[in-house]
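Heads up, the thing below is written out as structure tokens.
The values are calculated or read from the model by the stated rules, or taken from the named source; none is laboratory data. None of these values were measured; they are calculated from a predicted model. Neighbour counts are summed over all protein chains in view; Cβ atoms, including those assigned to glycine, are modelled from backbone coordinates with ideal geometry. Side chains included, ligands, DNA and RNA excluded: accessible areas come from the protein's heavy atoms. Shrake-Rupley method; radii C 1.70, N 1.55, O 1.52, S 1.80 Å.
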Amino acid sequence: KEIMTRDCVTVPVHASLHDAALLMKERNIGFLPVIGEGKELAGVITDRDLVIRGYADHQDESVTVGEIVSKDITTILPSATIEEAARIMAKEQVRR
């Protein structure tokens, strides 16, 4: 809780890949939580996802963030210790 980002920039599942890329550029970030229609966490998208599963696969402009989102995510409660977060991140090979 003491070191987490509180005001996360998010992107809706229906946003275009271009919109997500612009948001990352404007905010100088490479990771976005993806929010579903009911405001639930639907997954995450990274700058690498945009390149590998989006543009490198020649996706057209109609493809949405929801179509290439990473759904296999690991979360942790704000009450967890920093050590616990570090352990989980190392085990799951999470960098962000």
Could you check P78 against (1) modelled with pLDDT of 90 or more; (2) open to solvent by less than 60 Å² (accessible area, probe 1.4 Å) and say which number it fails?
(2)
Which condition number in (1) touching a Pro at 6+ places or on another chain (Cβ under 6 Å); (2) open to solvent by 90 Å² or more (accessible area, probe 1.4 Å) is the one that T10 fails?
(2)
Scope the range 27-45; condition open to solvent by less than 30 Å² (accessible area, probe 1.4 Å) and of a type outside the set (A, V, I, L, M); matching residues:
G30, P33, G36, G43
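Does E83 satisfy being closer than 21 Å to V9 by Cβ, open to solvent by 100 Å² or more (accessible area, probe 1.4 Å), assigned to a helix (DSSP H, G or I) and not hydroxyl-bearing (S, T, Y)? Give the steps one after another, and end with the answer.
Numbers: closer than 21 Å to V9 by Cβ: no; open to solvent by 100 Å² or more (accessible area, probe 1.4 Å): yes; assigned to a helix (DSSP H, G or I): yes; not hydroxyl-bearing (S, T, Y): yes.
Against the criterion (closer than 21 Å to V9 by Cβ, open to solvent by 100 Å² or more (accessible area, probe 1.4 Å), assigned to a helix (DSSP H, G or I) and not hydroxyl-bearing (S, T, Y)), E83 does not qualify.
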Of the conditions (1) under 10 Å from the mean Cα position of the chain (by Cα); (2) of a type outside the set (V, I, T); (3) open to solvent by less than 80 Å² (accessible area, probe 1.4 Å), K71 satisfies every one except a single condition; which number is it?
(3)
Determine whether the range 50-66 contains at least one residue that is open to solvent by 90 Å² or more (accessible area, probe 1.4 Å), modelled with pLDDT of 90 or more and not in a loop (DSSP other than H, G, I, E, B).
no
